[in-house]
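This report concerns only the one structure given below.
The values are calculated or read from the model by the stated rules, or taken from the named source; none is laboratory data. Keep in mind that this is a model prediction, so the values were computed, not measured. All Cβ positions, even for glycine, are placed from backbone atoms using ideal geometry, and neighbour counts span all protein chains on display.
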Amino acid sequence: MTTARFAQIAPQLEGQAIELPSWAFGNSGTRFKVFGSPGAPRTIEEKIADAATVHRLTGLAPSVALHIPWDLVDDYAGLRSYAAEQGVALGTVNSNTFQDDDYKLGGLTHVDAKIRQKAIDHHLECLEVMAATGSRDLKIWLADGSNYPGQADLRGRQDRLADSLATIYERLVELGPERRLVLEYKFFEPAFYHTDVPDWGTSYAQVVALGDQATVCLDTGHHAPGTNIEFVVMQLLRLGRLGSFDFNSRFYADDDLIVGSADPFQLFRILFEVIRGGGYGPANPDGHSDVAFMLDQCHNVEDKIPGQIRSVLNVQEMTARALLVDRDALAAAQEAGDVLGAHEVFMDAYQTDVRADLAAWREERGLPAYPMKAYAESGYQQQIEAARVGGTQLSWT
Ligand code: PSV
Ligand code: MN
Ligand code: MN
């Protein structure tokens, strides 16, 4: 690695944005136990303050995603101002049709028109939130599915899903051409036999039927083991429908661990395809990349704020390494059928240690060279632990 080579790609790191999920700051856990963390937020304002701390120390996380009704407030315009004062914006609005008894057998796919309408109305309410917060994206992840063969009419559910989404989409389009509906897929859980949006193909088929303002969200933890996720990335970009990422790591299922911790090479391969496919654009004139980067993680045993700092740094580091791939040399080797030569070009970039260059790059921008260390020395953790006493800590499981 030469600093000169890093300097060539450094401008492309400018303006990189990774959205933080509000829920990452509250307590979370597994079905076995949710461990309380001293200083965990009790309000959405405290979550936003924590997210803003991540941004202050890294310059990488300028927005926070909301989850409704977890982040329900009376005054979203007021919340937007509060966030702006803290130095961040409100981002993607996530709907939730998985924590209400009525949705036991589904929401947008339910056989009962009344329950379907309730789920649709919830999404329309999310759109109103978006109008007040200025959010671009409505992200929909559905827990809908069934546990036993024969339990449900798979085709009927798919058709009802299409109808429900069309109603939501119609209203979204009225809010403006920049708004997007982003449909997330996941292969199993909480349903164990079938899931109504289990894979990218189903999500793609549903969003294409809606229109241009509907895209797919790829959560890196939502595939069967062994899936070549970067291939999915390539294909969705090729089809013009990759809307966003929910980044996290997994060893087994939807583990929601720190992105880049389980398989850094996979993160590199994914980011390479994003760049290769034209999906990486921090410098787009509207300030938005077409492919939104978001974290979707649950910090169960580690501290939340440094957990998020580590995550955005991992994404930045792998982005830098993916930008370092010598694309001309790679193309030449590929065209020449030079199997090992092409592989070597690819691996050279992956194996480049960019940490010192990134530290210097941060310092040049008035950011701490080592954000993890800066957080540990900032006193913020001690301050929130002392200040946040009384009230109820927020948690999402
Ligand atoms: C459930 O699997 C999930 O983790 C999805 O990935 C959503 O994005 C997230 O919850 C928040 O609704
Ligand atoms: Mn997700
Ligand atoms: Mn998930």
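Structure data summary
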{"quantity": "Subset tally (residues that are in contact with a Gly (Cβ under 7 Å, 6 or more places away or on another chain) and either more than 28 Å from residue 128 (Cα to Cα) or more than 16 Å from ligand 1 (Cβ to nearest atom) (or both)) for segment 174-192", "calculated": "1"}
{"quantity": "When residues of segment 19-62 are limited to those that are in contact with a Ser or Thr (Cβ under 8 Å, 6 or more places away or on another chain) and assigned to a strand (DSSP E or B), the one surrounded by the most Cβ atoms within 10 Å (Cβ to Cβ)", "calculated": "20"}
{"quantity": "Subset of segment 63-106 [touching a residue at least 40 places away in the same chain (Cβ under 8 Å), touching a Phe, Trp or Tyr at 6+ places or on another chain (Cβ under 9 Å) and assigned to a loop (DSSP other than H, G, I, E, B)]", "calculated": "70, 71, 95, 97, 98"}
{"quantity": "Filter pass, residue 208 being farther than 26 Å from residue 149 by Cβ, of a type in the set (Val, Ile, Thr) and surrounded by fewer than 22 Cβ atoms within 10 Å (Cβ to Cβ)", "calculated": "yes"}
{"quantity": "Matching residues in segment 238-257 - criterion: being hydrophobic (A, V, I, L, M, F, W, C), away from ligand 1 (no atom under 13 Å from the Cβ) and surrounded by fewer than 20 Cβ atoms within 10 Å (Cβ to Cβ)", "calculated": "239, 251"}
{"quantity": "When residues of segment 83-140 are limited to those that are within 22 Å of residue 152 (Cα to Cα), of a type in the set (A, V, I, L, M, F, W, C) and away from ligand 3 (no atom under 16 Å from the Cβ), the one surrounded by the fewest Cβ atoms within 10 Å (Cβ to Cβ)", "calculated": "113"}
{"quantity": "Filter pass, residue 146 being touching a helix residue (DSSP H, G or I) at 6+ places or on another chain (Cβ under 7 Å), touching a residue at least 24 places away in the same chain (Cβ under 8 Å) and more than 16 Å from ligand 2 (Cβ to nearest atom)", "calculated": "no"}
{"quantity": "Search result, residues across segment 265-289 that are over 20 Å from residue 10 (Cα atoms) and at pLDDT below 95", "calculated": "286"}
{"quantity": "Helices (runs of 4 or more DSSP H) within segment 245-354 that include 1 or more residues within 16 Å of ligand 2 (Cβ to nearest atom)", "calculated": "264-276, 304-323"}
{"quantity": "Residues of segment 220-242 that turn out to be over 24 Å from residue 159 (Cα atoms) and either within 14 Å of ligand 2 (Cβ to nearest atom) or in contact with a Pro (Cβ under 7 Å, 6 or more places away or on another chain) (or both), as a count", "calculated": "3"}
{"quantity": "Matching residues in segment 355-389 - criterion: being in a loop (DSSP other than H, G, I, E, B) and out of contact with any Gly (no Cβ under 8 Å at 6 or more places or on another chain)", "calculated": "366, 368, 369, 370, 379, 389"}
